[in-house]
Amino acid sequence: MEFVKPTIEYAELAPLLIVFGVAVVGVVVEAFAPRPLRRPIQLTLSSAGLVAAFAATVWIASGLDVVADGAARGLVAAGGTIIVDGPTVFLWGLVLLFAAGGLMLFAERRLEGGLSAFAGQAAALPGTEAERRASSEGLDHTEVYPLMMFAVGGMLLFPASGDLLTMFIALEVLSLPLYLLCGLARRRRLLSQEAAMKYFLLGAFSSAFFLYGVALTYGFAGSMQLERIAEAVRNDGGNSELLLIGIGMLSVGLLFKVGAAPFHAWTPDVYQGAPTAVTAFMAACTKIAAFGALLRLFHVAFGANRWDWQPMLWAVAILTMLVGAVLAVAQRDVKRMLAYSSIAHTGFLLTGVLGVQATSDLAVGEITSLQAVLFYLATYGFAMVAAFGIVTLVRDAGGEATSFERWAGLGRRSPLVAGAFALLLLSMAGIPLTAGFVGKWAVFTVAMSAGAWPVVAVAIAASAIAIFFYVRQIRLMFFTEPQGEVASVVTPSLFTSSVIAVGVVGTLALGIVPGPVLDLAAHAGQFLR
Amino acid sequence: MTDLPWLTVLFAVPLLGAVLVALLPRSSATVLKQVGIAVSLLTAAVAVAIAVQYDVDGGMQLTETHTWIEAFGVHYALGIDGLGLLLVLLTVVLVPVVLLGAWHDGDEDPRAFVAWTLALEGLSLAVFTATDVFLFYVVFEATLIPAYFLIGGFGRVGRSAAAVKFLMFQLVGGLVLLAAVIGLYVVSADAGTPSYLLSDLMALDIDTTAGRWLFAGFFIAFAIKAPLFPVHTWLADTTEKATPGTSILLVCVLDKIGTFGMLRFCLGIFPEASEWATPLVVVLALVSIVYGALVAIGQDDVLRLIGLTSLSHFGFITLGIFVMSTLGGSGAVLYMVNHGLGTAALFLAAGYLIRRRGTTLISEMGGYERTMPMLAGLFLLAGLATLSLPGLSPFVSEFLVIVAAFDYHWLAGAVAVTGIVLAAIYVLWAYQRIMTGPGRVDVEAAPGATGSGAPDALDGSVTPGRATPGSATSGAGGVALAPPVAVAPAPAATTRDLGVREVVAAAPLVVGLVLFGFWPMPLLDVSNPTVESLLSHVGVTDDPPEVDSSTAPVGDIEEGH
């Protein structure tokens, strides 16, 4: 077998290289820079890295070559392992945008009286003298910035992977730093560490599933490359059991990451236990990256045997929506409620994913499955990041106050913050004139066009249930008399307030003039095969 | 002049007004309310300007069409026809009436009350002028947000639960409608290019089965909105807990969207399915008429009572729409306007009364006729309008609907007629219990609450409760009931008669009721072309009259019943 030296398209891979480069430099900074300088250096590095990567993404997006008769744009880079096409750059843009939001939440220090939301010294056992000393000395973990940049790098690579091994590596690169970040909360550290442990164990388990799926699919297709797999699927090599089991195993790995039922069990615990800034980052960016990979895998590699996997996705989508919506009703904690709501959103997104149709079945100008899901991810990201940002502000003596009783009457004490939260909830509920409505409309429409009306019917029912708990939260904030101790809103620094402001403005703007972003998603074209 | 986007201006004025009010300082409640009234009057002026330009036989006019979301085939498309014009005019009349008449309804937070009211007005006007189904859906759902905050923020104990119930019903209906709207996109995309324009959709040849499913989606949503039996249960709870002013906005404006939607979208886009569903809808409408009236008779809470009478009236409107004749259609359109005027007057009178007495329970009222003759007169007039007394405008519409119902099937007509009898019972019996008879003397009345009758700065004639001790009205005058539920931060019970503000607020309604009772032709001239074109679209032609008198001139108010 002849070894061919791969050519690396440095320019088109610039966002990946920048982000990973910054992460590596960040580790070096941790090793050599004196403690007081670390935070400003890390913050400058990370934000510059994200901005540069975003600028590079925009530049790449504007210069993508049109291929495949205009249906797609982009190129296959790094010897076929990375595919830089329209959907990839769209997802890169989203991930980088919301990662910047996450970074600003990470950097917030006013809420904890001059300290970050992360543990002073993660190695100090909770409740020990070492912990108290770390706290009194005002120690701070600045490792969170390089960790986050590694995660972002993984998230950029994940939806761009052109073969299954790269996809697996990207999955690990994005997951491992997240496991760690989840365990670094300054307050309620045991809860946080428990969350990290659960996330890690279940995540490792699901990664193993994914890897096994990779092996089986290789057994079927004789290649890791998505396009070769697609070719093998089209030619139907016989061993369809291998393929089906392989698809199933790969799906487990990916569905775990997006938090779809029945692989959702980690979501509420992790979302609740992790520092809220991490939750915001994770909820938005991981889901975007994982849905990108899911779409690419199913549309590109397994597009030809849609009829095999669509029923499975039907079942998963239905289950996910119902589990998310119904269990959210039973929650008494804002973070857990948002976690279940995010599970329900996963179900809605899957509804969009399963709405894939052959291009020939679509009318001119009709919305495509990919376009719908990409748009929904954008609306979802804005709402989630801003909502968790607001959660960090509502505090009492013990830190963030997330139980419902503490939120009672918040609308009278802080109308602006409660109003913003209400708007975000209305968007998640899918009320018109907010982004969530347009997103919901888009994913439901593509599913309906593909004939998945039972899924749409369940989705409508799940939306109705979901509306109940969103409205209950609004009622709690505006019309419920507070009893006992209540939380109040702490004024944040510019970091958190701008994240919330951008989220709210984005939610409104995408609700009233969704055209440009929809066009952008349409312009992204199809996946490059 | 004609280049001005009139319809955009029409609903932008109250929306901007709402934003303006929200930005004003909270300090002076009076200024806030005055600004609110000024904005609503300005809106009314715009509506009048539109009405002046309106060409009765011009079909859909003053249209504006711009691409909004190209990917969805969605347009920002507005237009107005006879049906839309009448409802727009009704809305712009009722909002200032509410703001003026229900002056104290929003005293807990006047800024929020006025702002949400104006927002609701603007969104409702957008609903009545939208000619793109997607745009319609968006504003249709968006009206719920101000409505929710109006119900949840103002009114009696239990209002936040009532607001949630209201919202859940409406949103479930909205989601069913969403499914149908999405289905419409798929049908439209299958036929070529996806488009949500009403004109494109009306030209669409929809498969029979798909059409019936989509019709069901639209109809269920509108039936919940209207409301129609059996999805009406939110109505009485909402009107009971909300303030009378909010109820006027809800029942007289917002609920009209339901029947408006049936006419414009169910009949317009799904003519075949509408005809197919007629028997079921007629039965539901008849059940609503009788059931609503029967339940209304049994109510002790005056606000619940009025809410339930509306259930009966919406039954009449729906019946008029679905008997599929020009007579019924015109009657239904007219009924929407007249019901708006009559029920608003009734809610207004009830609101005045409740504010004076501090209770909504009929069993705790009585004998106010002598102390408050003007209020009693207003209540009686509104009540008589509700029971369709000849000479008042609802009579004309009810007569048309019933004639059309007899045309459809004698049984339908016969059942509908019982609605009139029952209406007479609930109105007159309520009037008798509230206004006539000896005044009540309740010994257990809380002493502290007696006769403090704080004069209302804006109400001219003030008669504090204690001013007439020993007279024949002492019973009523001296009574101060500790209200079982707080209505508003109202002063304790008084029996002063209507003040200037209250009379001015009620005047347009009274004038409308009497004027259109004797001379309904302007309304019919506006509505008839729309109804005729709609029904010809459905493919229905009226049966030739077998007896001349069955299509008697509608102005003939001598026709009793």
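The values are calculated or read from the model by the stated rules, or taken from the named source; none is laboratory data. This structure is a prediction, so every number in the text was calculated from the model and none was measured. Using ideal geometry, Cβ is built from the backbone for each residue, glycine included, and neighbour counts are taken over all protein chains shown.
Hey, can you tell me all the residues within region A:110-156 that are over 18 Å from residue A:182 (Cα atoms) and touching a Phe, Trp or Tyr at 6+ places or on another chain (Cβ under 9 Å)?
Across region A:110-156, the qualifying residues are A:110, A:156.
Please pick out the residue among B:228, B:249 that is under 20 Å from residue B:127 (Cβ atoms), more than 14 Å from every other protein chain (Cβ to nearest Cβ) and in contact with a Gly (Cβ under 8 Å, 6 or more places away or on another chain).
After applying the criteria, what remains is B:228.
Confirm whether residue B:105 is over 19 Å from residue B:123 (Cα atoms) and buried (at least 23 other Cβ atoms within 10 Å of the Cβ).
It is true that residue B:105 is over 19 Å from residue B:123 (Cα atoms) and buried (at least 23 other Cβ atoms within 10 Å of the Cβ).
So, in region B:326-366, how many residues would count as being of a type in the set (Val, Ile, Thr) and outside any helix (DSSP H, G or I)?
Total meeting the criteria: 2.
Residues being crowded, with 23+ Cβ neighbours inside 10 Å and aromatic (Phe, Trp, Tyr): count how many of those fall in region A:158-209.
2
Among the residues of region A:72-130, write down those that are acidic (Asp, Glu), more than 23 Å from residue A:488 (Cα to Cα) and touching a residue at least 40 places away in the same chain (Cβ under 8 Å).
Within region A:72-130, A:85 is the sole residue that qualifies.
Any idea how many residues of region A:511-526 are under 26 Å from residue A:74 (Cα atoms), within 12 Å of chain B (Cβ to nearest Cβ) and crowded, with 17+ Cβ neighbours inside 10 Å?
Here the count works out to 7.
Would region B:174-194 turn up any residue that is in a loop (DSSP other than H, G, I, E, B) and either under 15 Å from the mean Cα position of the chain (by Cα) or more than 11 Å from chain A (Cβ to nearest Cβ) (or both)?
Checking region B:174-194: not a single residue is in a loop (DSSP other than H, G, I, E, B) and either under 15 Å from the mean Cα position of the chain (by Cα) or more than 11 Å from chain A (Cβ to nearest Cβ) (or both).
Counting only residues that are assigned to a helix (DSSP H, G or I) and in contact with a Ser or Thr (Cβ under 9 Å, 6 or more places away or on another chain), which one in region B:497-522 is nearest to residue B:353 (Cα to Cα)?
B:500
Given region A:155-257, what helices (runs of 4 or more DSSP H) lie entirely inside it while holding 2 or more residues that are acidic (Asp, Glu) and under 26 Å from residue A:300 (Cβ atoms)?
In region A:155-257, the matching helices (runs of 4 or more DSSP H) lie at A:226-235.
Taking only pairs six or more apart or across chains, which ones have beta-carbon atoms under 6 Å, a first residue in region A:491-503 that is touching a residue at least 12 places away in the same chain (Cβ under 8 Å), and a second residue that is buried (at least 19 other Cβ atoms within 10 Å of the Cβ) and of a type in the set (Lys, Arg)?
Listed by first residue and then by second, the contacts come to nothing, as the list is empty.
Among the residues of region B:47-64 satisfying the criterion of being under 16 Å from residue B:126 (Cβ atoms) and of a type in the set (Val, Ile, Thr), which is nearest to the other protein chains (Cβ to nearest Cβ)?
Result: B:63.
How many residues are closer than 24 Å to residue A:99 by Cα and touching an Asp or Glu at 6+ places or on another chain (Cβ under 8 Å) if we restrict to region A:469-514?
Number satisfying all stated conditions: 4.
Residue B:141 - would you say it is at pLDDT 90 or above and either in a helix (DSSP H, G or I) or more than 8 Å from chain A (Cβ to nearest Cβ) (or both)?
no
When you scan region A:314-333, do you find a residue that is surrounded by fewer than 24 Cβ atoms within 10 Å (Cβ to Cβ), within 19 Å of residue A:445 (Cβ to Cβ) and in contact with a helix residue (DSSP H, G or I) (Cβ under 7 Å, 6 or more places away or on another chain), even just one?
So far as region A:314-333 goes, yes, one or more of its residues are surrounded by fewer than 24 Cβ atoms within 10 Å (Cβ to Cβ), within 19 Å of residue A:445 (Cβ to Cβ) and in contact with a helix residue (DSSP H, G or I) (Cβ under 7 Å, 6 or more places away or on another chain).
Kindly indicate the residue of region B:65-80 that is surrounded by fewer than 23 Cβ atoms within 10 Å (Cβ to Cβ) and away from chain A (no Cβ under 14 Å) and also nearest to residue B:131 (Cα to Cα) among those meeting that condition.
B:79
Do we have residue B:265 as within 22 Å of residue B:126 (Cα to Cα) and out of contact with any strand residue (DSSP E or B) (no Cβ under 6 Å at 6 or more places or on another chain) here?
So residue B:265 fits the description; yes.
Would you please name the residue that is surrounded by the most Cβ atoms within 10 Å (Cβ to Cβ), looking only at residues in region B:389-426 that are assigned to a loop (DSSP other than H, G, I, E, B) and not small (Gly, Ala, Ser)?
Checked region B:389-426; the qualifying residue surrounded by the most Cβ atoms within 10 Å (Cβ to Cβ) is B:392.
Select, from B:200, B:132, B:109, B:205, the only residue that is within 12 Å of chain A (Cβ to nearest Cβ) and of a type in the set (Asp, Glu).
Every option except B:109 fails the conditions.
If you go through region B:119-135 one residue at a time, do you hit one that is at pLDDT 85 or above, part of a strand (DSSP E or B), under 27 Å from residue B:22 (Cβ atoms) and touching an Asp or Glu at 6+ places or on another chain (Cβ under 9 Å)?
No, every residue in region B:119-135 fails to be at pLDDT 85 or above, part of a strand (DSSP E or B), under 27 Å from residue B:22 (Cβ atoms) and touching an Asp or Glu at 6+ places or on another chain (Cβ under 9 Å).
Please go through region A:442-460 and give me each residue that is touching a residue at least 24 places away in the same chain (Cβ under 8 Å) and more than 8 Å from every other protein chain (Cβ to nearest Cβ), ordered by number.
Scanning region A:442-460 gives A:443, A:446, A:447, A:450, A:452, A:454, A:455, A:458, A:459.
Hey, does region B:152-161 have a residue that's within 23 Å of residue A:366 (Cβ to Cβ), in contact with a Ser or Thr (Cβ under 8 Å, 6 or more places away or on another chain), facing chain A (nearest Cβ under 8 Å) and free of Cβ contacts under 8 Å to residues at least 12 places away in the same chain?
no
I need the helices (runs of 4 or more DSSP H) fully contained in region A:370-487, keeping only those with at least 1 residues that are closer than 24 Å to residue B:221 by Cα.
Because the criterion is at least 1 residues that are closer than 24 Å to residue B:221 by Cα, the helices (runs of 4 or more DSSP H) in region A:370-487 that meet it are A:415-429, A:435-449, A:453-479.
Could we say that residue B:182 is buried (at least 23 other Cβ atoms within 10 Å of the Cβ), without any contact (Cβ under 8 Å) to a residue 12 or more places away in the chain and among the hydrophobic types (A, V, I, L, M, F, W, C) here?
Judged against the criteria, residue B:182 is a match.
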